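Chemist: This is the structure I have questions about; it appears just below.
The values are calculated or read from the model by the stated rules, or taken from the named source; none is laboratory data. This is a predicted model, so every value here is computed, not measured. We place every Cβ from the backbone using ideal geometry, glycine too, and count neighbours over all the protein chains shown.
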Amino acid sequence: MLRSTEPDIIKTYLKDASNLAGGFAREIVFPENEDEVIQIMDEARRTNTPVTIAGNGTGVVGGRIPFGGVVLSTEKLGKLRNIQQTDQGSGYAITGPALTLKELQEAVSAKGLLYPPDPTEQNAFIGASVSTNASGARTFKYGATRRWVRRLKVVLSTGDILELRRGEYIADKENRLCLHGTRNIFELKLPHYRLPEGKHSAGYYVTPSMSALDLFIGSEGTLGVITEIEVELIPQPRKYFSGIVFFDCEENAWQLAHHARNISLINRASHVKGHIDASALEYFDSHAIEILRAAYPHIPQQACSAIFFEQEIIGNYENNLTEQWYQICQKHQVLIEESWFSKSSKEHTEFRTFRHAIPVLVNRILRQYSQTKIGTDFTVPQEHYFDLLNLYRQTLRNSGLRYCIFGHIADNHLHANILPHNNEEAEKGWQLYCAIARQIIAWGGSISAEHGVGKIRNDYLIEMYGQSGLKEMAIIKKTLDPCNIMGRGNIIPEEYLIE
Ligand SMILES: Cc1cc2nc3c(=O)[nH]c(=O)nc-3n(C[C@H](O)[C@H](O)[C@H](O)COP(=O)(O)OP(=O)(O)OC[C@H]3O[C@@H](n4cnc5c(N)ncnc54)[C@H](O)[C@@H]3O)c2cc1C
């Protein structure tokens, strides 16, 4: 097994897209199979050495950044193992954790299949995206990663291997789970807290009668190393119609998204074909548009907000669907002549790249000023959709700080990114973040819809679930990781684990 204590190599594992500073580790290890992962775990337990699991470093909450001990890189733990098609045109893929989402999507697409979760960062590893329950633009139609995971293989710090299939190891009526590892049996009492409505990836997942596998999805490297993943696939849509439509005020974009979301949900529920059913609705505020102008100078001058929409084309409904999208655009005063509508799959891909460009540019600005990411990942229940939009704008507009707002508007899930130029501005930014987070929690929302808690959102998790919720999570962690060596600092603050 490759191991390295070279400072130059270690350095590359001390960062992710959060820009969280101060990480350190004494060694990086690169296991190539489960036996080697077990060997690392046995050593780490014996020497009480913390183990931080690293994916591909695109995380935005410092989850893979170590503060001591060893980094277990998953990059040699394997890629795609198998793609199977089923009779109904669907299928599944079995893979090691080091396959990037881009590689997965390309491999399944070659077989006419689609992996529906659509995190925009395609360089992320599938293992890590399960560990953060990543989601993306198409989550509006297809849900987050969790919905598509059928089976996981996990190595615990005790050296046990767990095989977890959806539908097996179900929580009983008292919310207990009993897991049989290769070395030990684990009796777990699941926490009592209730998850917020909607998209959510903050802390351990708990629902009545849940499969054990769901506890590990979104556990951010705190419970074990995910070494094999089986995901469900669907038939690839024949074609997409999409657009980047521009507005001369933000409110019209809010209204179009609201309208398109509602009719999509109604049409989807009634299974009517040939009517609007957006697979993605993504928002850009005036500040996001300004940032994007640097890379896309042909954005129309009068544009001060935009929506990216994506519609799957089924059967012979193309003209019909296109017409309906033009009508809804007209109703909400889209700058039709200046807007971009896809005429080919190449253009559709370019629009998706446009959507991805905004977080990339934001992260570049943060790096330029050496600042940690202050980006919200909040969701709220549907009744607070307009409240959320107004809250962001009112809080940030007069703050004197640089910021932009973009993202998954159909899921009431927007990323407000504050872009401080110095530490003083960063402090102010965190104060605003905190004030917004409190209101989100008061509305019954989530402090993290897709990025996770990592090492920078722990305080807000406590506000959300209270000390009792954190204590219940700590009991789970201490049962599965009795020496407390896995993913230290992620999700659960240390003081809850040393009691
Ligand atoms: C420009 C940009 C856009 C993004 N867009 C999205 C988006 O649309 N949706 C979204 O959800 N996220 C998005 N992200 C965040 C990021 O891509 C995801 O959080 C992703 O899941 C991280 O994958 P990674 O391989 O880079 O993992 P890393 O950053 O290396 O690790 C992430 C976490 O997973 C844990 N981990 C890694 N591998 C394993 C494993 N095998 N077993 C157990 N734990 C493990 C780590 O310990 C860490 O806590 C974006 C990031 C960037 C930079």
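Chemist: Scan the stretch 27-55 and report the pairs whose first residue is closer than 19 Å to Gly96 by Cα and whose second residue is away from the ligand (no atom under 13 Å from the Cβ) and assigned to a loop (DSSP other than H, G, I, E, B), with Cβ atoms within less than 7 Å and a gap of 6+ or a chain change.
Modeler: Qualifying pairs under 7 Å: Val29/Met1; Phe30/Met1; Pro31/Met1; Glu32/Met1; Glu36/Met1; Ile38/Gly159; Met41/Gly159.
Chemist: Sticking with this structure for a sec: Restricting attention to the stretch 136-143, does a residue exist that is assigned by TED's automatic domain parsing to the domain that holds Gly198, more than 8 Å from the ligand (Cβ to nearest atom), free of Cβ contacts under 8 Å to residues at least 40 places away in the same chain and over 30 Å from Ala257 (Cβ atoms)?
Modeler: no
Chemist: Does Ala306 fit the bill of being of a type in the set (Gly, Ala, Ser), within 14 Å of the ligand (Cβ to nearest atom) and under 30 Å from Thr132 (Cα atoms)?
Modeler: no
Chemist: Determine which member of the set Ile374, Ile314 is over 24 Å from Ile263 (Cα atoms), of a type in the set (Val, Ile, Thr), at pLDDT below 95 and in the same structural domain as Trp254 (by TED's automatic domain parsing).
Modeler: Of Ile374, Ile314, the one residue that is over 24 Å from Ile263 (Cα atoms), of a type in the set (Val, Ile, Thr), at pLDDT below 95 and in the same structural domain as Trp254 (by TED's automatic domain parsing) is Ile374.
Chemist: Output the residues belonging to the stretch 185-214 that are over 27 Å from the mean Cα position of the chain (by Cα) and either exposed (fewer than 14 other Cβ atoms within 10 Å of the Cβ) or more than 30 Å from Ile38 (Cα to Cα) (or both).
Modeler: Hits for the stretch 185-214 are Ile185, Glu187.
Chemist: Failed condition for Cys483, given (1) touching a residue at least 60 places away in the same chain (Cβ under 8 Å); (2) in contact with a Leu (Cβ under 8 Å, 6 or more places away or on another chain), with all others met?
Modeler: (2)
Chemist: Here's something else I'd like to know. Of the residues Glu121, Glu106, which single one is of a type in the set (Asp, Glu) and either surrounded by fewer than 17 Cβ atoms within 10 Å (Cβ to Cβ) or on the phi > 0 side of the Ramachandran plot (or both)?
Modeler: One residue alone meets the criteria, Glu106.
Chemist: Those residues that are among the polar types (S, T, N, Q) and not in a strand (DSSP E or B), I need them from the stretch 85-101; list them, please.
Modeler: Those that are among the polar types (S, T, N, Q) and not in a strand (DSSP E or B): Thr86, Gln88, Ser90.
Chemist: Given the residues Ile226, Ile185, which is the only one that is within 12 Å of the ligand (Cβ to nearest atom) and under 30 Å from Glu43 (Cβ atoms)?
Modeler: It is Ile226.
Chemist: Six or more apart or on different chains, Cβ under 9 Å: which pairs go from a residue in the stretch 247-276 that's in a helix (DSSP H, G or I) to one that's exposed (fewer than 14 other Cβ atoms within 10 Å of the Cβ) and aliphatic (A, V, I, L, M)? Could you list them?
Modeler: Once the first residue is in a helix (DSSP H, G or I) and sits in the stretch 247-276, its partners that are exposed (fewer than 14 other Cβ atoms within 10 Å of the Cβ) and aliphatic (A, V, I, L, M) give Ile266/Val272.
Chemist: Something else now. Can you pull out the helices (runs of 4 or more DSSP H) entirely within the stretch 340-454 that have at least 2 residues that are within 13 Å of the ligand (Cβ to nearest atom), touching a residue at least 12 places away in the same chain (Cβ under 8 Å) and among the β-branched types (Val, Ile, Thr)?
Modeler: Those helices (runs of 4 or more DSSP H) span 345-368.
Chemist: To continue, here is another question. Select from the stretch 64-84 the residues that are touching a helix residue (DSSP H, G or I) at 6+ places or on another chain (Cβ under 8 Å) and assigned to a loop (DSSP other than H, G, I, E, B) and write down the one among them that is surrounded by the most Cβ atoms within 10 Å (Cβ to Cβ).
Modeler: Filtering the stretch 64-84 for residues that are touching a helix residue (DSSP H, G or I) at 6+ places or on another chain (Cβ under 8 Å) and assigned to a loop (DSSP other than H, G, I, E, B), the one surrounded by the most Cβ atoms within 10 Å (Cβ to Cβ) comes out as Arg64.
Chemist: State whether the residues of the stretch 57-69 include one that is more than 9 Å from the ligand (Cβ to nearest atom) and of a type in the set (Val, Ile, Thr).
Modeler: Looking for residues that are more than 9 Å from the ligand (Cβ to nearest atom) and of a type in the set (Val, Ile, Thr), one finds none in the stretch 57-69, hence no.
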